[in-house]
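First the structure, in the form of structure tokens, and then the observations on it.
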Amino acid sequence: MKLIQNYINGKFLNSLNDEFIENFNPATGELIASIPRSSNKDIQLAVNACRSNDNWHKISITKRAEWLEKIANELENRYEEIALMESKDTGKPISLARNVDASRSVYNFRFFANLVNEIHQPEFKMNDAINRVLNKPLGIAGLITPWNLPLYLLSWKVAPALLMGNCVIAKPSELTPLTANLLAEVIDKIGLPKGVFNLIHGYGSECGQALVEHQEIKLISFTGGTETGKIVAKTAAPMFKKISLELGGKNATIILKDAEFEKHIDQIVKSAFLNQGQVCLCGSRILVQDSIYEKFVEIFRLRVSQMKIGNPLDEDTELGSLISLRHKETVMNYIAMAIEEGGNVIYGGKEPILPETFSNGAFIEPTIITDLSHKSKAATEEIFGPVVTIHPFSEIHEAIKIANITNYGLSASIWTKDVQSGENIAKELDTGIVWINCWLHRDLRTPFGGMKDSGIGREGGLYSVEFFSEMQNICTFLG
Ligand code: NAD
């Protein structure tokens, strides 16, 4: 079992009250680590550490980008370790942990290091004056992340926050602390100046809340559930903090009658079940034009039935464990609710039969539900598990209406041979991101974020530069 500590002012420390939280591998139930149960006192210590560093914001952005590159290189050296940790901590398949989590974590630092070449200070000339716009650091950035893509999402925030000259206090999910700790080890090894990066572990309602409540922390970047997002927004608003909220989703996958869905079936299945359906962008509602409905359901069901579920460390495993037994119960309750609401489980819906080692694991078969009203709770609330509902539609305007019916507005995908029609539909959808004939195809320069209950703000490329800094216009009179 690994004893994990906070990382404050360049030192690994227990929480001040010396309390701990146990951390389990959800696939096996094995106790793998203990983490500090931190409180507002530890947050204060981290704030003091940030305050004591008076140099980070003064060094050039190019130098800070060099530090990001060093972090990326060192993370890359520990690539396989990141993948293994992520798989054990979350129960996700090792191939996914390698190709998505480890790869993107390294790339996030490298991407923001290179972005420095794209950051220019705009100038606006007048007849008698010149305006120069600066991007000043805010001071301390509070970064709060969930358990589904632990280091991937943490690095997505840490890299731009540091690039723009802020000091950081990061609070990862208490369910997945391992790779955040690895990042602290990397940062310690390369010798990043003390107090620039601080890591606090613990419960969200305790140290997460204390982070958002702290007056001196001027920016909060939060990724997590919509209900928690509401608490964060309510706490931060009276202090006029800059906040970005990346929240839940209930994303529609729209399959038009001319779609080459047999060609794309692996992508469509992946969009429904990647990471056991625990990706905020997963297409958990599939809307299929009625003339191809029967055929699509048959082919989709066949491909899903071939998915290999089980040991996350097997190279060919496609579906691992959910994050916890508690979350498994929530998902199973949603499946039961869908049945009560008139749904027909045409595949899955149960715990799979697995070897003894995984008998205490949080596994659920990939589950397909049909015949459910698109207005039902199971079809409109975020389940965040391996459960997909399929709904027929006849005309395109109906598909748009169904897609927009939920309170969420994160993403959607549209599958059609007629790209122009796809783009026209995309414009009618109330979501921050729309993919046409692809899914999770990411260019990190683009704005990422949701509409409605999926959050506020956009991060990515220059949008992150803007968010993690405060713009200042300096107007110099020349007359
Ligand atoms: P969560 O809201 O329970 O927790 C997220 C983080 O917030 C954790 O670190 C938690 O400890 C902390 N937290 C909890 N209460 C807090 C409080 N009062 N103040 C401050 N911090 C607090 O979410 P989760 O279960 O870890 O993650 C799953 C959710 O995240 C899903 O809804 C998913 O859609 C969403 N998500 C969204 C995106 C996106 O980019 N939009 C990406 C990944 C996950």
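Total residues in segment 25-83 satisfying the condition of being free of Cβ contacts under 8 Å to residues at least 24 places away in the same chain, within 30 Å of S359 (Cβ to Cβ) and open to solvent by 40 Å² or more (accessible area, probe 1.4 Å): the figure is 2. Looking at the structure I just gave you, is A272 outside the structural domain of L175 (by TED's automatic domain parsing), open to solvent by less than 40 Å² (accessible area, probe 1.4 Å), away from the ligand (no atom under 11 Å from the Cβ) and in a helix (DSSP H, G or I)? Criteria met by A272. Annotation: of all residues in segment 318-336 being part of a helix (DSSP H, G or I) and of a type in the set (S, T, Y), the one that is farthest from E30 (Cα to Cα) is Y334.
Which residues, taken from segment 409-446, are assigned to a strand (DSSP E or B), under 17 Å from G249 (Cα atoms) and either open to solvent by 30 Å² or more (accessible area, probe 1.4 Å) or of a type outside the set (F, W, Y) (or both)? Working first, answer last.
Restricting attention to segment 409-446, the residues satisfying the condition of being assigned to a strand (DSSP E or B) are 409, 411-415, 433-436.
Filter again for under 17 Å from G249 (Cα atoms), leaving 409, 411-414, 433-435.
If the condition is that a residue be assigned to a strand (DSSP E or B), under 17 Å from G249 (Cα atoms) and either open to solvent by 30 Å² or more (accessible area, probe 1.4 Å) or of a type outside the set (F, W, Y) (or both), then G409, S411, A412, S413, I414, I433, V434 are the ones that fit.
Take G208 and decide whether it is at pLDDT 95 or above and under 21 Å from the mean Cα position of the chain (by Cα).
Details: at pLDDT 95 or above: yes; under 21 Å from the mean Cα position of the chain (by Cα): yes.
When the stated conditions are applied, G208 passes them.
In segment 176-194, the condition of being polar (S, T, N, Q), touching a Ser or Thr at 6+ places or on another chain (Cβ under 8 Å) and more than 30 Å from N437 (Cβ to Cβ) is met by at least one residue.
Of a type in the set (K, R) and within 24 Å of D42 (Cα to Cα) - does that describe any residue in segment 252-266? No, that holds for no residue. What about K157, is it basic (K, R), within 14 Å of the ligand (Cβ to nearest atom) and in a helix (DSSP H, G or I)? Yes. Restricting attention to segment 404-430, the residues that are in contact with a helix residue (DSSP H, G or I) (Cβ under 8 Å, 6 or more places away or on another chain), aliphatic (A, V, I, L, M) and within 15 Å of the ligand (Cβ to nearest atom) add up to 1.
Could you grab me the full set of residues in segment 382-396 that are open to solvent by 30 Å² or more (accessible area, probe 1.4 Å) and part of a strand (DSSP E or B)? Answer for segment 382-396, where residues must be open to solvent by 30 Å² or more (accessible area, probe 1.4 Å) and part of a strand (DSSP E or B): just P392.
When A362 is tested against (1) open to solvent by less than 10 Å² (accessible area, probe 1.4 Å); (2) out of contact with any His (no Cβ under 7 Å at 6 or more places or on another chain), only condition (2) is not met.
For segment 166-183, which positions are part of a helix (DSSP H, G or I), in contact with a His (Cβ under 9 Å, 6 or more places away or on another chain) and among the polar types (S, T, N, Q)?
Step one: filter segment 166-183 for residues part of a helix (DSSP H, G or I), giving 178-183.
Those left that are additionally in contact with a His (Cβ under 9 Å, 6 or more places away or on another chain): 180-181.
Selection gives N181 alone.
Being surrounded by 20 or more Cβ atoms within 10 Å (Cβ to Cβ), more than 14 Å from the ligand (Cβ to nearest atom) and over 21 Å from L322 (Cβ atoms) is a property that does not hold for L199.
Yes/no matrix, rows are residues, columns are (1) open to solvent by 30 Å² or more (accessible area, probe 1.4 Å); (2) within 11 Å of the ligand (Cβ to nearest atom):
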{"residue": "K189", "(1), (2)": "yes, no"}
{"residue": "L192", "(1), (2)": "no, no"}
{"residue": "S205", "(1), (2)": "yes, yes"}
{"residue": "L211", "(1), (2)": "no, yes"}
{"residue": "K218", "(1), (2)": "yes, no"}
{"residue": "F222", "(1), (2)": "no, yes"}
{"residue": "E227", "(1), (2)": "yes, yes"}
{"residue": "V232", "(1), (2)": "no, yes"}
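Looking across segment 234-245 at every residue that is more than 10 Å from the ligand (Cβ to nearest atom) and outside any strand (DSSP E or B), the one that is most open to solvent (accessible area, probe 1.4 Å) is identified as F240. Only one entry of P36, P26 meets the criterion of being at pLDDT 95 or above and in contact with a His (Cβ under 6 Å, 6 or more places away or on another chain), and that entry is P36.
The one condition from (1) open to solvent by less than 30 Å² (accessible area, probe 1.4 Å); (2) out of contact with any strand residue (DSSP E or B) (no Cβ under 6 Å at 6 or more places or on another chain); (3) of a type outside the set (V, I, T) that A379 does not meet is (2).
The residue of segment 337-359 that is farthest from the chain's Cα centre (by Cα), among those that are surrounded by 14 or more Cβ atoms within 10 Å (Cβ to Cβ) and in a helix (DSSP H, G or I), is I339.
The values are calculated or read from the model by the stated rules, or taken from the named source; none is laboratory data. Source: prediction; values computed, not measured. Cβ coordinates were reconstructed from backbone atoms using ideal geometry, including for glycine residues, and neighbour counts include every protein chain displayed. Quick note on the areas: whole protein, heavy atoms, side chains included, nothing else; ligands and nucleic acids left out. Shrake-Rupley method; radii C 1.70, N 1.55, O 1.52, S 1.80 Å.
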